[in-house]
Amino acid sequence: MRTDIFARLDREPEPPKIEIPRMSRHRIALFGGTLAFYLAIVVAVLVSSWLVALDWKVMLFRPYQQWPGLHAFLDYYVVLGQRGPTAVMVASWLGWRSWRQHTLRPLLTLGASLLLLNVTVGAVKLGLGRLGPHYATQIGSAELFAGGDIFPSGHTANAVVTWGILAYLATTPRARRYLSALSAFVSLGVGLTTVYIGTHWLSDVLLGWAAGLLILLALPWFEPLITRTEVWVLSVREQWRARRRARAAAPVAADGPAPVLLPQSLSALGAERAQRAEGCDSVPDAPDAPTVGGHTGTGTRARAHPPHGVRSERTPITPAGSRRPPHADRTPRGGTTPAHPVTGGSVAP
């Protein structure tokens with residue numbers, strides 16, 4: 001058994017028993033209080049109350065001009081609230097945990113929380129249509145229903161959910177307390193940073209904190225759905241593995257030359273040659289099998305394969321006489337002496 005610190009990085013032999021959070025009375029009370037705070041912020045902005053006036057005062061104060069030395073650092077710090085980079089970082093960590101603990105719950109919980117975040121925050125953003133401080137047109141106005149998408153703050157809500165999910169999935173109370181404090185510090189800093197650089201109103205940040213906290217508090221209601229999804233995904237994976245094992249266990253043909261399929265005429269010819277090699281002088285054919293091209297039985301094989309036409313061939317006949325044309329001055333071979341003498345020769349008596 002390993003006792004060094006790297007032993008905690010090894011995969012556990014079996015899935016650990018993790019206590020899944022339940023919707024207790026304490027959590028329900030926190031959810032109700034946060035929901036009331038959320039609705040109060042929305043109403044305060046809708047009626048252009050003192051909260052909207054505070055938004056304008058903070059914006060006109062221009063914090064980025066009061067403390068310009070923080071601008072370079074906070075431009076990088078606000079990335080901790082962007083959905084893409086934070087989702088990649090947290091998903092990498094939770095993916096390793098899923099592999100180590102033989103469970104898909106961490107990744108499925110992260111996916112469910114991000115889906116809830118997109119649906120709820122995105123719907124309110126598009127429904128209220130508030131413009132940001134840089135695009136405001138009238139001092140003292142709430143800038144609602146003007147085609148914007150700034151209320152609530154997506155950076156703030158995403159920071160609360162993405163980093164808070166680590167505390168939600170913690171396996172020990174001590175780790176849950178530390179991670180809760182860390183996620184609260186990061187999300188608080190991200191929200192104030194958006195106010196500092198002037199991309200959000202202060203009320204946007206307040207509503208973003210409430211929106212993210214509501215999602216974390218409501219996650220236990222979605223645990224049964226997460227569990228059913230995990231069971232379904234694992235069952236599909238086992239079926240796929242079983243099919244792969246079945247294909248791998250299928251009998252494999254013995255190694256050897258593959259059989260060559262020959263036409264029927266060639267196979268019949270091979271059979272004839274085999275019979276002749278065994279001592280058969282002739283191969284019986286059909287009584288009416290004609291002899292074509294010097295091969296007995298070819299007509300029978302031609303009738304067996306009507307689609308393939310067989311060209312009729314005849315045995316060549318050698319002409320009896322000479323192929324040279326007749327010549328008056330030449331005597332054919334084997335003939336008699338010509339009647340007239342050759343010029344310059346003697347004449348027979």
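The values are calculated or read from the model by the stated rules, or taken from the named source; none is laboratory data. On a predicted model such as this, the values are computed, not experimentally measured, just so you know. Cβ atoms come from the backbone with ideal geometry, glycine included; neighbour counts cover every protein chain shown. Note: areas computed on protein heavy atoms with side chains; ligands, DNA, RNA excluded. Shrake-Rupley method; radii C 1.70, N 1.55, O 1.52, S 1.80 Å.
Structural remarks
A quick yes/no check of all residues on (1) in contact with a helix residue (DSSP H, G or I) (Cβ under 8 Å, 6 or more places away or on another chain); (2) of a type outside the set (G, A, S); (3) more than 17 Å from W209 (Cα to Cα):
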| residue | (1), (2), (3) |
| --- | --- |
| Q138 | no, yes, yes |
| S141 | yes, no, yes |
| G148 | yes, no, yes |
| A170 | yes, no, yes |
| S183 | yes, no, no |
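- Filter pass, G189 being in a helix (DSSP H, G or I), in contact (Cβ under 8 Å) with a residue 12 or more places away in the chain and either in contact with a helix residue (DSSP H, G or I) (Cβ under 6 Å, 6 or more places away or on another chain) or open to solvent by 30 Å² or more (accessible area, probe 1.4 Å) (or both): no
- For the range 164-186, filtered to residues that are in contact (Cβ under 8 Å) with a residue 24 or more places away in the chain and not in a helix (DSSP H, G or I), the residue that is surrounded by the fewest Cβ atoms within 10 Å (Cβ to Cβ) is T171.
- Test: residue in the range 64-76 that is at pLDDT 90 or above and within 30 Å of T229 (Cβ to Cβ): no
- Number of residues in the range 60-116 that are of a type in the set (G, A, S) and in contact with a Ser or Thr (Cβ under 7 Å, 6 or more places away or on another chain): the value is 2.
- Checking each residue in the range 117-135 for being open to solvent by 30 Å² or more (accessible area, probe 1.4 Å) and part of a loop (DSSP other than H, G, I, E, B) picks out only L131.
- Test for G129: is it within 26 Å of L94 (Cβ to Cβ) and among the small types (G, A, S): no
- Whenever a residue of the range 111-134 is basic (K, R), its partners that are not in a helix (DSSP H, G or I), lying with C-beta atoms within less than 6 angstrom and at least six residues away or across chains, give the pairs K125/D149; R130/E143; R130/L144; R130/G148; R130/I150; R130/F151.
- Among the residues making up the range 70-110, those that are open to solvent by 70 Å² or more (accessible area, probe 1.4 Å) and without any contact (Cβ under 8 Å) to a residue 12 or more places away in the chain are F73, Y76, V88, M89, S92, W96.
- Tallying residues that are open to solvent by 70 Å² or more (accessible area, probe 1.4 Å), at pLDDT 70 or above and not in a loop (DSSP other than H, G, I, E, B) within the range 1-28 yields 3.
- The residue of the range 59-106 that is nearest to A184 (Cα to Cα), among those that are outside any helix (DSSP H, G or I) and of a type outside the set (D, E, K, R), is Q82.
- You will find that of A53, A29, the residue that is of a type in the set (G, A, S) and in contact (Cβ under 8 Å) with a residue 24 or more places away in the chain is A53 and no other.
- Taken together, the residues in the range 42-60 that are open to solvent by 80 Å² or more (accessible area, probe 1.4 Å) and more than 13 Å from F151 (Cα to Cα) amount to 4.
- Some residue of the range 205-222 being assigned to a helix (DSSP H, G or I) and farther than 20 Å from A36 by Cα: yes
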